[in-house]
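So the structure is just underneath, and the comments pick up after that.
The values are calculated or read from the model by the stated rules, or taken from the named source; none is laboratory data. None of the values given here were measured: they were computed from a predicted structure. Glycine also receives a Cβ, built like all others from the backbone with ideal geometry; neighbour counts cover every protein chain displayed. Calculation scope for accessible area: heavy atoms of the full protein, side chains included, ligands and nucleic acids excluded. Shrake-Rupley method; radii C 1.70, N 1.55, O 1.52, S 1.80 Å.
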Protein chains: 2
Amino acid sequence: MPTIYLAGPEVFLPDARDVMSEKRRLARSFGFEPTGPGSDENQAPVARLTADAIYRRNEDAMRRADVCLANITPFRGISADPGTVYEIGFMIALGKKVWAYTNHPDDYGSRVRSIWYGGLEIDESSGRPRGPDGMAIENHGKADNLMIDLGIEAIGGRVVRALALPADPARELAIFAEALRQLANKKGLQ
Amino acid sequence: MPTIYLAGPEVFLPDARDVMSEKRRLARSFGFEPTGPGSDENQAPVARLTADAIYRRNEDAMRRADVCLANITPFRGISADPGTVYEIGFMIALGKKVWAYTNHPDDYGSRVRSIWYGGLEIDESSGRPRGPDGMAIENHGKADNLMIDLGIEAIGGRVVRALALPADPARELAIFAEALRQLANKKGLQ
């Protein structure tokens, strides 16, 4: 049974234990053995571990995992949780299979416009859109910064996006389950 | 001469060419051959490249580089540019030497409180601080999400932080130069 590293910011939720338990249950139902941040249920809660111990536990789990499924739903801003992004880059460089999903349907450039610039005028005159502060806005239509999407695509992974924003993007698991289903159907994994 | 990958979001600046040119000049003055996003001065501007071509160029440069110096100054929010975070994780997994610098003096938890929650009341009762929405706040005193800082520290790198917020955090290069100086002084690099 392949081991799947469930990257994502769920560990910060007030009901982290419940949400992560359901994610692990779903992963098992598709034939994966789950691991990842906070997934060692019998260990000390993350709050009691030092930063160094948390890092080493996560790095060890990444090295032992066969595949990563990362939650890149925007977290406290316009982009994915930075710890999750670190893990995506790390596991791609290790040669692991990496997929991602997001509960936000909009691409990164749209979120920069709607959330960061909040409807302010965007300069489209140069072929490269820029905010009122002159900063360029990525317009490649990707779910997040292109390094994330293209890194995943370059190794044959997929970024699975919600079609509409769910009522509770931090906890919705329909797209997570859909990504697991697609991953389980890919040949060569099991 | 070691090749240094200059990771950071400067490519989005309106005066990207000038700022990146000065970063390359400084890197050379400390004995490094610079590479990284937008650093191939004779190539097509990034706006004319496809996302796939940009990714492949950056990944190739990361694989060829000896060391990475990443600008993790917060970009459009409370954390580092996600493309830069991807590159930090990627190069650490490749076994490269990775350092970072930030022009923001505050740790990540402080920025979550001051910028994201904007002075709202934080619940400190459980030993793990939480915002009014119940979400936990990292309190490890690191410059960004602990995966970034600890990943760098685990391989013997350093995160060099400004002592005070400069007038222009997106362009200030004093801490960048200081990080280059410290890197150049470390044995075994050259």
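Would you check if there is a residue in region B:124-145 being within 16 Å of the chain's Cα centre (by Cα) and among the aliphatic types (A, V, I, L, M)?
yes
Scan A:LYS97, A:LYS142 and give me the residue that is charged (D, E, K, R) and away from chain B (no Cβ under 12 Å).
A:LYS97
Answer with yes or no whether B:LEU94 is at pLDDT below 95 and of a type outside the set (Val, Ile, Thr).
Here the answer is no, as B:LEU94 does not meet what is asked.
Tell me, yes or no, whether region B:62-78 has at least one residue that is without any contact (Cβ under 8 Å) to a residue 60 or more places away in the chain, facing chain A (nearest Cβ under 9 Å) and among the β-branched types (Val, Ile, Thr).
yes
Identify all residues within region B:54-82 that are surrounded by fewer than 24 Cβ atoms within 10 Å (Cβ to Cβ) and of a type in the set (Asp, Glu); write none if there are none.
B:GLU59, B:ASP60, B:ASP66
Report, ordered by the first and then the second residue, all pairs with beta carbons closer than 8 Å, sequence separation of six or more or different chains, a first member in region B:134-147 that is touching a residue at least 60 places away in the same chain (Cβ under 8 Å), and a second member that is open to solvent by 20 Å² or more (accessible area, probe 1.4 Å) and among the basic types (Lys, Arg).
Matching pairs, first to second residue: B:ALA143/B:ARG161.
Inspect region A:154-167 for any residue being within 13 Å of another protein chain (Cβ to nearest Cβ) and out of contact with any Phe, Trp or Tyr (no Cβ under 8 Å at 6 or more places or on another chain) and give the result as yes or no.
So far as region A:154-167 goes, yes, one or more of its residues are within 13 Å of another protein chain (Cβ to nearest Cβ) and out of contact with any Phe, Trp or Tyr (no Cβ under 8 Å at 6 or more places or on another chain).
For region A:101-139, which positions are part of a strand (DSSP E or B), open to solvent by less than 70 Å² (accessible area, probe 1.4 Å) and within 11 Å of chain B (Cβ to nearest Cβ)?
Correct list: A:ARG130, A:ALA136.
Mind checking which residues of region B:53-79 are touching a Pro at 6+ places or on another chain (Cβ under 6 Å) and under 18 Å from A:ASP81 (Cα atoms)?
Hits for region B:53-79 are B:THR73, B:PHE75, B:SER79.
Among the residues of region A:74-100, which ones are part of a loop (DSSP other than H, G, I, E, B) and touching a helix residue (DSSP H, G or I) at 6+ places or on another chain (Cβ under 8 Å)?
A:PRO74, A:PHE75, A:ARG76, A:GLY77, A:ILE78, A:SER79, A:ALA80, A:ASP81, A:LEU94, A:LYS96
Within 21 Å of A:ALA65 (Cβ to Cβ), within 11 Å of the chain's Cα centre (by Cα) and open to solvent by less than 10 Å² (accessible area, probe 1.4 Å): which single residue out of B:VAL85, B:VAL98 fits that description?
Of the residues listed, the single one that is within 21 Å of A:ALA65 (Cβ to Cβ), within 11 Å of the chain's Cα centre (by Cα) and open to solvent by less than 10 Å² (accessible area, probe 1.4 Å) is B:VAL85.
Out of all the residues in region B:111-132, which are among the charged types (D, E, K, R), modelled with pLDDT under 95 and either closer than 16 Å to A:LEU13 by Cβ or in contact with a Phe, Trp or Tyr (Cβ under 9 Å, 6 or more places away or on another chain) (or both)?
Within region B:111-132, B:ARG128 is the sole residue that qualifies.
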